[in-house]
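The values are calculated or read from the model by the stated rules, or taken from the named source; none is laboratory data. All values derive from a computational prediction rather than experimental measurement. Reconstructed Cβ throughout: ideal geometry from the backbone, glycine too, with neighbour counts over all protein chains shown. Only protein heavy atoms, including side chains, enter the accessible area calculation; ligands, DNA and RNA are left aside. Shrake-Rupley method; radii C 1.70, N 1.55, O 1.52, S 1.80 Å.
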Amino acid sequence: MTHRQLQLVLLSGVVIALAILPRVITDVYMLNVLVLTLMYAALSQSWNILGGYCGQISLGHALYFGVGAYATSVFYASFGITPWLGALAGGVISMLLALGLGYPCFRLKGHYFSIATIVIAEIGLLLVHNWDAVGGALGIQWPIGPDSWVTLQFARDKAPYVYLALGLFVITWLVTYWIEDSRWGFWWRAVKDNPEAAESLGVEVFRSKMAAAALSAFFTALGGGFYAAFVSYIDPESVMTFRFSLLFALPAVLGGIGTLWGPLVGAAVLIPLTEITRSYMGGSGNGLDLIIYGALIMIISLAKPEGILSLFHRNAKPDARP
Amino acid sequence: MSGEPILEIRNVSKHFGGLTANDDVSLNVGRGEILGLIGPNGAGKSTLFNMIAGALPVTAGTIRFNGRDITAMPGTARCALGIGRTFQVPRSFDTMTVLENVMVGGFMRSSSTGAVRRAAIETLDFVGIGGRADAPAVELTPPEKRRLEMARALATRPQLLLLDEVMTGLTPAEAKAGVDLIRKVRDQGVTIIMVEHVMEIVMPLVDRAVVLHLGRLLAEGNPADVVRDDKVITAYLGERHRAA
Ligand SMILES: Nc1ncnc2c1ncn2[C@@H]1O[C@H](COP(=O)(O)OP(=O)(O)OP(=O)(O)O)[C@@H](O)[C@H]1O
Ligand SMILES: [Mg+2]
């Protein structure tokens with residue numbers, strides 16, 4: 001069996017195990033944590049396409065998450081359009097938005113790019129805040145209806161959300177898996193490692209970044225659509241703040257940036273930890289979770305810059321650079 | 001050297017602010033030749049390479065490749081036309097394996113991963129580091145890194161290959177292997193321009209030598225004549241070569 005086939009077998013094992021979990025866990029709080037863990041794994045997998053593989057560290061992906069959440073909510077609450085289609089529409093809008101923003105932003109290098117993404121996402125948050133047609137500061141409440149796979153509303157049994165989040169994770173994983181071994185995957189990593197050398201080898205550097213951004217934004221918006229359906233009420237603060245941008249980047253960074261399994265491993269550690277601190281410390285308004293994230297980033301970058309997964313690699317020698 | 005030159009450099013200059021790195025350089029490179037580009041440190045050799053490969057824009061002048069004006073073309077497009085290059089300070093992709101590094105170049109000519117992988121393995125064998133294919137690029141020794149640079153450039157199937165000090169820091173035995181490799185590349189029909197400081201290596205290998213000094217073309221001709229040129233000895237080679 002090749003290394004790539006082994007990955008697929010591993011995925012099947014993980015999926016089967018995770019699909020059985022909702023049959024075992026009945027506690028609503030625990031199921032909630034499981035849903036969020038899988039959702040952030042999928043979102044971090046999406047972020048990883050641009051940040052991990054292509055090396056363009058975005059700290060503004062909350063923008064695409066918000067666009068997905070809002071598109072899905074507006075289409076459903078105002079026009080009764082199923083969230084399946086709403087999320088797809090949000091994905092397409094985010095993709096176009098990412099291309100429009102990437103055009104100027106990918107001319108910026110390193111930290112300047114990251115700072116620009118933060119600023120743009122904050123502007124997006126302010127715009128939505130003041131945009132009455134989408135509920136302004138009040139947000140959008142999803143109409144209450146019976147449990148249904150069409151409207152993605154499940155009031156009693158939370159298990160369907162586990163399957164939906166798991167499905168989203170599997171899709172983002174498979175897309176990453178497929179691209180990793182294609183021309184785009186090689187081009188992205190070349191752009192990350194050394195853009196000058198990449199260009200001398202015929203890599204379309206700018207186009208590579210644009211493609212990664214578009215794909216990354218698309219899946220992030222699907223995640224936003226899912227989240228809106230899951231919580232069935234959104235406002236600007238609950239889907240578009242900087243905290244989300246951090247939560248998309250961190251699992252990948254923690255688990256192993258630019259790797260296939262890093263986002264899931266990182267999310268499995270980070271999200272339960274976050275949820276537990278939140279329920280013990282109360283609310284998310286006090287910023288304690290942000291302090292924890294900050295501390296985690298520092299610990300990782302000092303102790304294990306290549307993430308948790310590198311503990312299992314025989315060959316990983318981050319200090320071998322001359 | 002007959003027929004149309006593969007590369008024509010016409011009155012090319014490069015200024016970095018007040019500093020003139022290349023000053024009105026004109027040069028033709030014939031198809032299939034090995035051209036040695038020599039000159040003291042800071043003469044502008046790497047800068048000229050960067051302008052030929054499209055990594056730096058020219059300040060003035062034109063560059064034609066196979067008769068086509070490429071002066072304004074980005075590096076990616078020049079690679080597609082058939083210009084390959086190595087960097088004086090190796091620039092490997094350090095999160096990738098040696099094989100993956102070469103595959104990046106291979107995707108220039110094909111989008112089939114399997115075909116690109118097979119070709120890359122062949123290329124690695126050709127440059128003599130096939131045994132290191134699965135090693136992370138960071139773990140290569142400096143001479144291996146220079147071979148990787150060559151393999152990567154060769155994977156793009158260039159017609160013209162620019163080699164910037166690929167033999168620097170090699171032991172005599174390694175340098176001998178390097179010379180053999182460069183001959184092998186030329187025998188496949190690739191035109192080569194090489195920058196090298198060690199005269200014992202350059203002179204027997206090249207068909208023609210060009211000397212840059214302070215950004216200007218100082219001398220040009222067959223290697224034996226160039227090393228006897230008074231201007232070249234004074235500016236670059238030093239008195240040690242006067243007797244030779
Ligand atoms: N990007 C740059 N910005 C400013 N000055 C530069 C740049 N690149 C090169 N120079 C300057 O241009 C001059 C020519 O440099 P170049 O690297 O082309 O010399 P070289 O002939 O390759 O020298 P060496 O043998 O040391 O490699 C030097 O004075 C160098 O400092
Ligand atoms: Mg140089």
> Does region B:98-112 hold any residues that are open to solvent by 10 Å² or more (accessible area, probe 1.4 Å), at the interface with another protein chain (Cβ under 9 Å from one of its Cβ atoms) and not small (Gly, Ala, Ser), and which are they?
Replying inline: B:Glu100, B:Met108, B:Arg109
> Which one of these does A:Ala198 not meet: (1) assigned to a helix (DSSP H, G or I); (2) touching a residue at least 12 places away in the same chain (Cβ under 8 Å)?
Replying inline: (2)
>> I'd like the full set of residues that are more than 9 Å from ligand 2 (Cβ to nearest atom), out of contact with any Lys or Arg (no Cβ under 7 Å at 6 or more places or on another chain) and without any contact (Cβ under 8 Å) to a residue 60 or more places away in the chain, limited to region B:39-55.
In response: B:Asn50, B:Ala55
> In region A:140-164, what count of residues is obtained for those that are open to solvent by less than 20 Å² (accessible area, probe 1.4 Å) and among the small types (Gly, Ala, Ser)?
Replying inline: 1
>> For region B:146-160, which positions are more than 9 Å from chain A (Cβ to nearest Cβ) and either within 16 Å of ligand 2 (Cβ to nearest atom) or without any contact (Cβ under 8 Å) to a residue 60 or more places away in the chain (or both)?
In response: B:Arg146, B:Arg147, B:Leu148, B:Ala151
> Across region B:44-60, which residue is nearest to B:Gly17 (Cα to Cα) among those that are hydrophobic (A, V, I, L, M, F, W, C), open to solvent by 40 Å² or more (accessible area, probe 1.4 Å) and within 12 Å of ligand 1 (Cβ to nearest atom)?
Replying inline: B:Leu56
> Restricting attention to region B:84-92, does a residue exist that is within 16 Å of ligand 1 (Cβ to nearest atom), more than 30 Å from B:Leu140 (Cα to Cα) and surrounded by 22 or more Cβ atoms within 10 Å (Cβ to Cβ)?
Replying inline: no
> Of B:Arg68, B:Arg78, B:Arg64, which residue is within 18 Å of B:Ala153 (Cα to Cα) and either within 16 Å of ligand 2 (Cβ to nearest atom) or in the same structural domain as B:Ile182 (by TED's automatic domain parsing) (or both)?
Replying inline: B:Arg78
>> Restricting to region B:191-205, and then to whatever is open to solvent by 10 Å² or more (accessible area, probe 1.4 Å) and in contact (Cβ under 8 Å) with a residue 40 or more places away in the chain, can you tell me which residue is farthest from ligand 2 (Cβ to nearest atom)?
In response: B:Met203
>> Taking the conditions exactly as written (touching a residue at least 60 places away in the same chain (Cβ under 8 Å) and within 14 Å of another protein chain (Cβ to nearest Cβ)), does A:Arg189 satisfy them or not?
In response: yes
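Within region B:218-228, take every residue that is open to solvent by less than 60 Å² (accessible area, probe 1.4 Å) and part of a strand (DSSP E or B) and give me the one that is farthest from ligand 1 (Cβ to nearest atom).
This residue is B:Gly221.
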> If B:Leu27 passes every condition in (1) within 18 Å of the chain's Cα centre (by Cα); (2) more than 16 Å from ligand 2 (Cβ to nearest atom); (3) open to solvent by 40 Å² or more (accessible area, probe 1.4 Å); (4) more than 14 Å from chain A (Cβ to nearest Cβ) but one, which one does it miss?
Replying inline: (3)
>> Looking for something open to solvent by 10 Å² or more (accessible area, probe 1.4 Å) and within 16 Å of ligand 2 (Cβ to nearest atom) - is there at least one such residue anywhere in region B:169-176?
In response: yes
> Of all the residues that make up region A:107-138, how many are over 18 Å from A:Ser58 (Cβ atoms), touching a residue at least 12 places away in the same chain (Cβ under 8 Å) and aromatic (Phe, Trp, Tyr)?
Replying inline: 0
